[in-house]
Amino acid sequence: MMRRWVIAALAGVLVLPLAGSATVVSAQAVAMLPRQDASDWSRWLIGEWEGWIEDGEGNRSPQVQTFACEIECRYLLTRLRQEVAPGQWYHGAGVFRYDPSGQSMGEWFGIFGDRNLGLGRRDGERWVWDIHRAGRGRVLRVRERVGPDEYRMTNTSVDADGRTRVTREVMRRVKAGAVADGGSDGGPSGASWVMPAEYRAVQRASLESQRRFLHAMTDSMPEAYYGDVDNPGQRTFAEHVYHAAVANAQAVDRLFAGPVFVAPDPAAAVRSRAALDAAIDAAFDFLEAALAAQSETDRQRTLRFAGGTIPVWQVWDELNEHTYWTLGEIVGNFRSKGMAPPAFRFF
């Protein structure tokens, strides 16, 4: 007997075969579902999720998706990474408008040139979407909330040639995100975002401390060990130091307008102490200049960061944490050779 998915609609029952048929729900049928407020669902979604997608043959591919809430959660911004082959990842991003009536619409773009347009309607703990894939057919997507930190999806797609395919997805929240209730100008959402102007000096001192500690790392490790790894699969000692400095400058370059950061050649930078020290200085010269150039107004604005929304000034604290987290990864490089890492400068 053919398996069927039944969705209760306002004016009857809509039956959608999951296999062996080219039937896909129409936008008109989606519009028949009862109207419900969308805001609580979109607020619930924000954060970072991990899980898998399974095809009809039981093959599973891991994926990671983030959701960020904007403009009183009337808009939901999302990014997806999905492993399509060992070591190869698909990347896509989309924006959805969730109307208080319970209707929704969205647009999606992917690295394969894919572009999807969809209309949806809330039905209790589910969202039912009718998605048009430019030149590639249509998809019925049912996203259902099954727990406080878990949702599941069933995708019934009909390709342009009429073939039907069904995939299932299970996603679980791994990191919560912040809700931004500010206006469309990206301004601060309330007093909780405001940080005194004097805090910039604290963050500048933190950058100076990071630079000194990175130089202490390169000075303490003999150059002969720069290419060593503490455990298989890790970066080398020099690669860790390079990443701790340069990745932060690259993040600031992407997040904020201003001068462009040109990263030193990584292959050349890890070959010697002098080259690695020069890369550290190039990164922190850029970071300190970027921090100094930000206006106080800009520092109080909010932006999307790591699946949530935070004030601009907080980005510098997050990057500070990244530096020391990364350097913690290479303590084992010292210990495994019977050496102590550089001492904490206040002791």
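Put +1 on the Cβ of every Lys and Arg and -1 on every Asp and Glu Cβ in the stretch 230-347; which of Ala292, Pro259, Met339 then has its Cα farthest towards the positive end of the dipole?
Met339
Within a Cβ distance under 12 Å of Pro264, other residues only, what is the Lys/Arg minus Asp/Glu net charge?
-3
Under 25 °C and 0.890 mPa s, how fast does the stretch 266-342 diffuse according to Stokes-Einstein, given a Kirkwood radius computed over C-alpha pairs? Answer in µm²/s, whole number.
Diffusion coefficient, whole number: 162 µm²/s.
What is the magnitude of the charge dipole of the stretch 240-347 about its Cα centre, with +1 placed on the Cβ of each Lys and Arg, -1 on the Cβ of each Asp and Glu, and no other charges, expressed in debye to the nearest 20?
Computed charge dipole of the stretch 240-347: roughly 340 debye.
By the scheme Lys and Arg +1, Asp and Glu -1, what is the net charge of all other residues having a beta-carbon under 12 Å from that of Lys337?
Summing Lys and Arg as +1 and Asp and Glu as -1 gives -1.
Which net charge results when you count Lys and Arg as +1 and Asp and Glu as -1 among the other residues whose beta-carbon is under 12 Å from that of Gly113?
Charge balance near Gly113 sits at +2.
Find, among the GluC sites (Glu not before Pro) in the stretch 85-172, those assigned to loop by DSSP (not H, G, I, E, B) with at most 15 other beta-carbon atoms within 10 angstrom.
Passing sites in the stretch 85-172 are Glu125.
Quick note: the coordinates plus some simple rules give every number you see, no bench work behind them. Everything numeric here is computed off the predicted structure, so don't read it as measured data. When we count neighbours, we look across all protein chains shown, and the Cβ atoms used for this are built from the backbone with ideal geometry, even at glycine.
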